[in-house]
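Visitor: Before I ask anything, here is the structure I am working with.
The values are calculated or read from the model by the stated rules, or taken from the named source; none is laboratory data. Please read all numbers here as calculations on a predicted model, not as lab measurements. Glycine also receives a Cβ, built like all others from the backbone with ideal geometry; neighbour counts cover every protein chain displayed. Ligands, DNA and RNA are excluded from the accessible area calculation, which covers all protein heavy atoms including side chains. Shrake-Rupley method; radii C 1.70, N 1.55, O 1.52, S 1.80 Å.
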Amino acid sequence: MAAAVDLSHVTIRFGDFTAVDDATLSIEPGEFFSFLGPSGCGKTTLLRTISGFIEPTEGVVRIGGEDMKGRGPNARPTALIFQNLALFPMMSVADNITYGLRVRGVSRAERRKTAERLLDLIALPGSADKRIDELSGGQKQRVAIARALAVEPKVLLLDEPLSALDLKLRQHMRNELRAIQRRVGITFIYITHDQGEALTMSDRVAVMNRGVIEQIADGRTLYTAPRTAFVASFVGENNGFPGRVSAVDGEIAAVETAVGVLRGRNLRKLRVGSDAVLYVRPEALVIGRGSELFAGVAQTAAFEGTLTHVTFATRGDRPVTLTAAGRAAEAIPSEGEEVVLGFDPASALVVPAEGGAHA
Amino acid sequence: MSAGAVGRAILGLYIAIFFVYLFAPLAIMGITAFNSSTYPAVVPFEGFTLNWFAALLTDGEMLTGLRTSLWIGLLVVLVSVPTGLAGALVMTQIHARARSLYYLVVVSPVLTPGVIIGISTVVFWRDVTTITGLKGLYDGILMTVLAQSSFISAYCMLIFLARLQRFDRALEEAALDLGATHTQVFRDVLLPFLMPAVVSAAAIAFLSSFENYNTTTFAILADKTLTTVLAGRVRQGTTPALSALAVLIVAVTVAGAVLYEILKRREDARARVRRKAAQAADDAGLVPVAT
Amino acid sequence: MHSSVGKVLIFALPVVVIAWFWATALMERRRLGSLAPLGFVQRNGVAVATYLVLAVALWAVVMIVLPQLFMVDLSFRPKLPPPQVGGEKDVYTLANYRYFLFGSATDTSSWNTTHLQAFGLTIVASVLITAFNFALCYPLAFHMAKAAPAARVRLLMLLLIAPYWVNEILRAFAFRILLGSGGVLNQALLGLGLIAEPIDFLGLDVGLYAGLSYAYLLLMIFPLYNAIESLDTNQIEAARDLGAPWWHIHLFVVMPHAKPGIASGCTLVFMLTAGALAAPLVLSGPRTLWFTPIVYDRFYQAFNWPQGAAYAFILLIACIVFVLTVMRLGRLTLGEITR
């Protein structure tokens, strides 16, 4: 079976600016796939390319195995949910939902039936004849989803659709989106700068930075085995120690950093002499134990109930954060106290420095 | 008396004088419409009469003029509103380099005296008739419609431009994405959004055409509109029948304005209720999707 | 030069200008290749694109540009009986402009005082009326925009709009009833014994100037109101807080902000006053000549169309000069004035 969406060496340039650089990936049918990255990383451009609003400068976009070159947004089996939803304010809820069917010449009775079925799906029965401005934020969100689903697209594209909602509603809508996706069973491609959204909802996530796809993996892999310095620092909290690889021993590499030589897993098989960054998660740091040790002076402690975050000044430029949970939190050093911090090499990761060689 | 009170008194007096200046001539004209004196006068008030209104109804020339004016007004609406709309849409899409020249050309009729628009139109179509031999083109009503439309289209364009500034392009993209053709997007999304502007542009176009004199008097040739008939009458001498006509026009206008105001207030109130209902839905908590 | 050459140039001009812009746009598209933004036809669809292009071309070229160029063209041609138009004698000439200056197409020894005076009077009076209307409207516009409660603003708006839709001629007529020698004002003054003889307001041109000022009052107040309304009230309060006297606030805070509105109102009032036809016809005294009725007479009394076209062009130039002066003085663009 052909991939739902297949990008092959897609590059998009605006004048001298490269918005997307050589993106190649394949999204499976029925997958919930996210593009995660800071604003301006090219994820929205890529989404608009898939939906047909932008033609790629180079490369091929295939949907369901078919080359989409020269096919406008109205001739592609995709539906896009806009950041601001873009519901038609002059149409009723039902007319919004079935607009895609109306332009395909579906009869009025048929459309009405579809509208009611979809309103049931999104748990808004009886709202067919309401006006858009009678809906709350969350209801509008669901109508936008129903409108996109009505045209039975092979791929549903979502451009940060939750960003306009307040926090509580946003978390609620994450679950709903995932539930809807499971039920309709089509491919969802989701764009967000919020890693919580990407990690909780998606089967796989593509992390983008400055137009480049840095890594494609499921959430757990992104967290435990980031391939690049950007992914390591963007996904989750992380402590980075830049330096140079001084020794390699099987799976483990030693990095000479500002706080001393530290060892970690060398998944990228870096050679001696390469610029690298060693990353240790705050929860992997402990006080006074572990084989890799360095000195730190406690600065601030933020108590958060189950977790406590403590920052330390070290001989490096960046402060180091330690997260302690449960009992470990009881032994928090007081401000100004000098301690030895440690970790296990298996919980640390050595990745190439940003701008360094791509292995 | 405090300085503030003096200020307020001066302001009140000023506003009073301003509106007396604005309304006194019209009010006096209104009174003369009901005075049976054959010369328009307030004093002596010789007796209340509606004869001057009745006289209007039997005034054949004026009624013909009125009919011509209504026809021209209607045609001007039919020409100016679509033209102004096209002008505004082109303005939003035209290449940046050509935009200022384009703007200069299409806005210039607003800043050109009406007489000149009338003159240039007549001169142009007379020559076109001579060159092409099509005598039908040199027609007073046709030329009046074209001459008036040249600047009324610009009014309409400015109205549309103001509304277009608030248009969300994502709506067009959403419709396209759902499979609509470009023509369908225009018909289903852009036009409905612009509808309020279409209505006000049509109203402005009709009223501007109906009351126009400067352009019309040059372009109309042998035909007569209500305003050119009026101008002839007023120059010949004054009769209270003209006051009666003015009273009618003011009455119709004020009735229209009041009606508009009432409708607008009712719509505002409805919108407030809707917003409140939507807010309540959000506050009432979230209805989960059935699983 | 024979006038048929001019006609060819006139038709060629819009074609050349449009072709030039089209060609440069095309070249740019070619340079950008696939990066070029969606083309006009692509973006609007064939049906809508055709409507847009046709409507705008008809309007801009056939309804606006060509008539103006034809009028200017005609103003440089001699008055000829119809069979000779386009014939050998139809050559470009300055005779019509010479007539405006000297009262004769050939003799340049004496000035055409009647027409020159009328022109001068029209321009000077229009400037003064514009200034008067600004002074009259500014306080009310400011009050409505910044001081009055919302309900009162709505009422004032309604009161202002209502008389605007009364026909220009009827407005002039109202002043004639008011100021005529047997008019209401004279009767009142006579009745009160303040005067023994009726005052000839119309002969003294009081009627003309009052009527002209009155006719376009509202075209001053609305642009002013809109411009002042958009000023942040905090700025006025900050200035007041800093101890600025009231006249200082208006001169250095409100007016600079309202500049586009002031320019817009002044341009409209000047243009309409200088080009007014109804008020001068109905209200001017027997000895006063406004310029616009003279233009009208060139056409429909003297039947000298080339001369009428020349006079119209002179009026147009006066208006253009006024607009340019306003733009230069206020450092404004055309877009700001016509907003």
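Visitor: Of all residues in segment A:84-125, how many are on the phi > 0 side of the Ramachandran plot and among the hydroxyl-bearing types (S, T, Y)?
Guide: The number of residues fulfilling the criteria is 0.
Visitor: Regarding segment C:21-28, can at least one residue be identified that is open to solvent by less than 60 Å² (accessible area, probe 1.4 Å) and more than 10 Å from chain B (Cβ to nearest Cβ)?
Guide: Within segment C:21-28 (the criterion being open to solvent by less than 60 Å² (accessible area, probe 1.4 Å) and more than 10 Å from chain B (Cβ to nearest Cβ)), the answer is yes, since at least one residue qualifies.
Visitor: Which pairs turn up if I take residues in segment C:316-339 that are within 8 Å of chain B (Cβ to nearest Cβ) and look for partners that are open to solvent by 80 Å² or more (accessible area, probe 1.4 Å) with beta carbon separation below 7 Å, at least 6 apart in sequence or on another chain?
Guide: From segment C:316-339, the pairs are C:L334/B:L104.
Visitor: Mind telling me which of the residues B:T144, B:T83 ends up being within 30 Å of C:V8 (Cβ to Cβ), at pLDDT 90 or above, at the interface with chain C (Cβ under 7 Å from one of its Cβ atoms) and touching a helix residue (DSSP H, G or I) at 6+ places or on another chain (Cβ under 8 Å)?
Guide: Among B:T144, B:T83, only B:T83 is within 30 Å of C:V8 (Cβ to Cβ), at pLDDT 90 or above, at the interface with chain C (Cβ under 7 Å from one of its Cβ atoms) and touching a helix residue (DSSP H, G or I) at 6+ places or on another chain (Cβ under 8 Å).
Visitor: List pairs: first in segment B:94-121 and more than 7 Å from chain C (Cβ to nearest Cβ), second assigned to a loop (DSSP other than H, G, I, E, B), Cβ under 7 Å, 6+ apart or cross-chain?
Guide: B:Y102/B:I94
Visitor: Going by the conditions given, is A:A128 within 21 Å of A:R178 (Cα to Cα), in contact (Cβ under 8 Å) with a residue 24 or more places away in the chain and more than 8 Å from chain B (Cβ to nearest Cβ)? Steps first, answer last, please.
Guide: Numbers: within 21 Å of A:R178 (Cα to Cα): no; in contact (Cβ under 8 Å) with a residue 24 or more places away in the chain: yes; more than 8 Å from chain B (Cβ to nearest Cβ): yes.
So A:A128 does not fit the description; no.
Visitor: So, one more: Within segment A:241-352, which strands (runs of 3 or more DSSP E) (wholly inside it) include 3 or more residues that are in contact (Cβ under 8 Å) with a residue 40 or more places away in the chain and over 26 Å from A:F230 (Cα atoms)?
Guide: In segment A:241-352, A:338-343 are the strands (runs of 3 or more DSSP E) which contain 3 or more residues that are in contact (Cβ under 8 Å) with a residue 40 or more places away in the chain and over 26 Å from A:F230 (Cα atoms).
Visitor: Go through segment A:329-357 residue by residue and tally those that are among the hydrophobic types (A, V, I, L, M, F, W, C), at pLDDT 85 or above and open to solvent by 50 Å² or more (accessible area, probe 1.4 Å).
Guide: 2
Visitor: Here's a check for you: in segment C:180-199, which residue that is surrounded by 13 or more Cβ atoms within 10 Å (Cβ to Cβ) and part of a helix (DSSP H, G or I) is farthest from the chain's Cα centre (by Cα)?
Guide: This residue is C:L190.
Visitor: Next up: For segment A:6-85, which strands (runs of 3 or more DSSP E) that fit wholly inside it have 2 or more residues that are among the aliphatic types (A, V, I, L, M)?
Guide: A:17-27, A:58-63, A:78-81
Visitor: So, one more: Please state which one of A:D21, A:D16 is in contact (Cβ under 8 Å) with a residue 60 or more places away in the chain, surrounded by fewer than 20 Cβ atoms within 10 Å (Cβ to Cβ) and either of a type in the set (D, E) or not assigned by TED's automatic domain parsing to the domain that holds A:T200 (or both).
Guide: Step by step, each of A:D21, A:D16 is checked, and only A:D21 is in contact (Cβ under 8 Å) with a residue 60 or more places away in the chain, surrounded by fewer than 20 Cβ atoms within 10 Å (Cβ to Cβ) and either of a type in the set (D, E) or not assigned by TED's automatic domain parsing to the domain that holds A:T200 (or both).
Visitor: Need a quick list: helices (runs of 4 or more DSSP H) entirely within segment B:82-165 having at least 2 residues that are surrounded by 22 or more Cβ atoms within 10 Å (Cβ to Cβ).
Guide: It comes to B:114-132, B:140-164.
Visitor: Does B:L78 count as closer than 30 Å to B:L191 by Cα, without any contact (Cβ under 8 Å) to a residue 12 or more places away in the chain, open to solvent by 10 Å² or more (accessible area, probe 1.4 Å) and not hydroxyl-bearing (S, T, Y)?
Guide: Here the answer is yes, as B:L78 does meet what is asked.
Visitor: Taking segment A:27-44 as the search range and keeping residues that are more than 12 Å from A:Q181 (Cβ to Cβ) and among the charged types (D, E, K, R), which one is most open to solvent (accessible area, probe 1.4 Å)?
Guide: A:E28
Visitor: Same structure again: Applying the selection to segment C:294-315, what residues are open to solvent by 20 Å² or more (accessible area, probe 1.4 Å) and not acidic (D, E)?
Guide: C:Y296, C:R298, C:Y300, C:Q301, C:A302, C:F303, C:N304, C:W305, C:F313, C:I314
Visitor: Now for a different question. Can you find, within segment C:58-70, the residue that is surrounded by the most Cβ atoms within 10 Å (Cβ to Cβ) among those that are in contact (Cβ under 8 Å) with a residue 12 or more places away in the chain and more than 7 Å from chain B (Cβ to nearest Cβ)?
Guide: Selected residue: C:L69.
Visitor: Separate question: Just to verify a result, which residue in segment B:246-278, among those that are among the aliphatic types (A, V, I, L, M) and within 7 Å of chain C (Cβ to nearest Cβ), is most open to solvent (accessible area, probe 1.4 Å)?
Guide: Restricting to residues being among the aliphatic types (A, V, I, L, M) and within 7 Å of chain C (Cβ to nearest Cβ), the top hit is B:V254.
Visitor: Taking B:F45, is it more than 30 Å from C:H143 (Cα to Cα) and either part of a loop (DSSP other than H, G, I, E, B) or without any contact (Cβ under 8 Å) to a residue 60 or more places away in the chain (or both)?
Guide: On the way: more than 30 Å from C:H143 (Cα to Cα): yes; either part of a loop (DSSP other than H, G, I, E, B) or without any contact (Cβ under 8 Å) to a residue 60 or more places away in the chain (or both): yes.
Judged against the criteria, B:F45 is a match.
Visitor: Is it true that some residue in segment C:284-303 is part of a helix (DSSP H, G or I) and away from every other protein chain (no Cβ under 14 Å)?
Guide: No; the residues of segment C:284-303 include none that is part of a helix (DSSP H, G or I) and away from every other protein chain (no Cβ under 14 Å).
Visitor: Does segment C:202-225 contain at least one residue that is in contact with a helix residue (DSSP H, G or I) (Cβ under 9 Å, 6 or more places away or on another chain), open to solvent by 40 Å² or more (accessible area, probe 1.4 Å) and not in a helix (DSSP H, G or I)?
Guide: Scanning segment C:202-225, I find no residue that is in contact with a helix residue (DSSP H, G or I) (Cβ under 9 Å, 6 or more places away or on another chain), open to solvent by 40 Å² or more (accessible area, probe 1.4 Å) and not in a helix (DSSP H, G or I), so the answer is no.
Visitor: So, one more: If you check A:T49 against the conditions, is it of a type in the set (S, T, N, Q), within 14 Å of chain B (Cβ to nearest Cβ) and surrounded by 22 or more Cβ atoms within 10 Å (Cβ to Cβ)?
Guide: Yes: the conditions hold for A:T49.
Visitor: Something else now. Please report, ordered by residue number, the helices (runs of 4 or more DSSP H) entirely within segment A:88-139 with at least 2 residues that are in contact with a helix residue (DSSP H, G or I) (Cβ under 8 Å, 6 or more places away or on another chain) and open to solvent by 10 Å² or more (accessible area, probe 1.4 Å).
Guide: Those helices (runs of 4 or more DSSP H) span A:99-102, A:108-121.
Visitor: Evaluate segment C:315-324: report whether one residue or more is at pLDDT 85 or above and closer than 30 Å to B:Q236 by Cβ.
Guide: For segment C:315-324, residues at pLDDT 85 or above and closer than 30 Å to B:Q236 by Cβ: present.
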